[in-house]
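One structure is given below, encoded as structure tokens.
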Amino acid sequence: MPYIESKELAKDKIQVWYTTNLKGDNTANLDRSKPTVLLLHGMFLSSRFLAPQFNDQRLSGAFNLIAIDALSCGKTKNPVAPQHDLWSDAALIAICMEALKLPPCHIMANGMNWVATSLRFAILFKDRCLSLNLVSIPGEKE
């Protein structure tokens, strides 16, 4: 399970950890006959949270599954940046998808931050987002 290599990430000293259900965690082994799902873990967790999805043969047999660790979560390494927000996280998804050479994906977002980020991603990069599966959507009122 490697880090994503990207000039855009490197210039900001960001190393994003990812995992897949592909042989050797290599996205070059993507099965183009299957849809690709980008799985996004809940807040303060990591891609390890998504082990049940990766271990479920109904999902891993039918889809290319990719998960990334969010900034400051799991094995992702990054400096703290005051300008960081959910819009920049949406751009981070696009940068990761481009670096991994992923086709447009279905996105499963867990928790309020990734849900809000995924909505922004769908607005900014509508050609890269096939659908959204939003889990644990925040309520209207706190």
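Bear in mind these aren't lab numbers, they're just calculated from the coordinates by the rules spelled out. What you see is a predicted model, and the numbers here were worked out from it, not measured in a lab. Heads up, the Cβs are rebuilt from the backbone with ideal geometry, glycines too, and the neighbour counts pull from every protein chain shown.
Quick notes on this one:
- Pairs where the first residue, in region 1-28, is surrounded by fewer than 16 Cβ atoms within 10 Å (Cβ to Cβ) and the second is β-branched (V, I, T) and not in a strand (DSSP E or B), C-beta under 6 Å, 6+ apart: E8/I95
- Residue list for region 105-120, restricted to those being more than 18 Å from D25 (Cα to Cα) and touching a residue at least 60 places away in the same chain (Cβ under 8 Å): H106, I107, M108, A109, N110, G111, M112, N113, W114, T117, S118
- Unique match (being within 17 Å of V37 (Cβ to Cβ), buried (at least 16 other Cβ atoms within 10 Å of the Cβ) and among the aliphatic types (A, V, I, L, M)) among L132, L100, L92: L100
- Failed item, numbered, when I95 is tested on (1) farther than 21 Å from A10 by Cβ; (2) touching a residue at least 12 places away in the same chain (Cβ under 8 Å); (3) outside any loop (DSSP other than H, G, I, E, B): (1)
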